[in-house]
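Student: Structure incoming, see below.
Read-outs throughout are calculated quantities, based only on the coordinates presented, and are distinct from any laboratory measurement. Quick caveat, the model's predicted, so the values are computed rather than measured. For neighbour counting, all protein chains shown are included, and Cβ atoms are generated from backbone atoms with ideal geometry for every residue, glycine included.
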Amino acid sequence: MLTTTRFLPALVLALACVAKTAAQQPAPPAQPARNVSVITIPTMDCSGCAKKINAQLQAVPGVAQVTMNLEAHQLFVTPQPNVGVSPKLMWEATEKAGFAPTKLETPYGVFNAKPQQ
């Protein structure tokens, strides 16, 4: 019993350190909702680039919000409630901003070239 009591403060301290370290770890990125479209643009490497594309995407009918992940070179397009966003119009909006998407993941499918619709 004496041995356990002697090591108990050290054990508590060690567990507290482990808990603190775990709390400091960054949370994994949230996965986009199922209806969110993901546009991959390898040449988008700064917030200025993303803002240009964002401005064009905001003009696409049905787009509610556009968020970015510069490290992954991706934009996430959230539609307005109960509205679908045309994959073709998203692709064209990206091109109109001066960038070439290489992949577009939508609820309608995954595209590696400009969609027909």
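Student: Which stretch or stretches of segment 63-85 have amide N atoms under 14 Å from the point lying 7 Å from LYS96's Cα along the Cα→Cβ direction?
Tutor: Within reach of a label on LYS96: 63.
Student: Output ³J(HN,Hα) for segment 48-63: one whole-Hz value per residue in order, computed from phi by the Karplus curve 6.51 cos²θ - 1.76 cosθ + 1.60 with θ = phi - 60°, and x for Gly and Pro.
Tutor: Per-residue couplings from phi come out as x, 4, 4, 5, 4, 5, 4, 4, 6, 5, 5, 7, 6, x, x, 7 Hz.
Student: Below 8 Å between Cα atoms, with a sequence gap of 6+, how large is the relative contact order for segment 35-117 in percent? If you can, show how the numbers build up before the last one.
Tutor: Values: 151 pairs, mean separation 31.7, N = 83.
For segment 35-117, the relative contact order is 38 percent.
Student: A follow-up question, please. State the extension gain, in nm to one decimal, for the chain segment bounded by ASN112 and CYS46, taking 0.36 nm per residue of separation less the distance between their alpha-carbons. Before the final figure, lay out each step's value.
Tutor: Details: separation 66, 0.36 × 66 = 23.76 nm, distance 2.25 nm.
Taking 0.36 nm per residue and subtracting the Cα distance, the gain is 21.5 nm.
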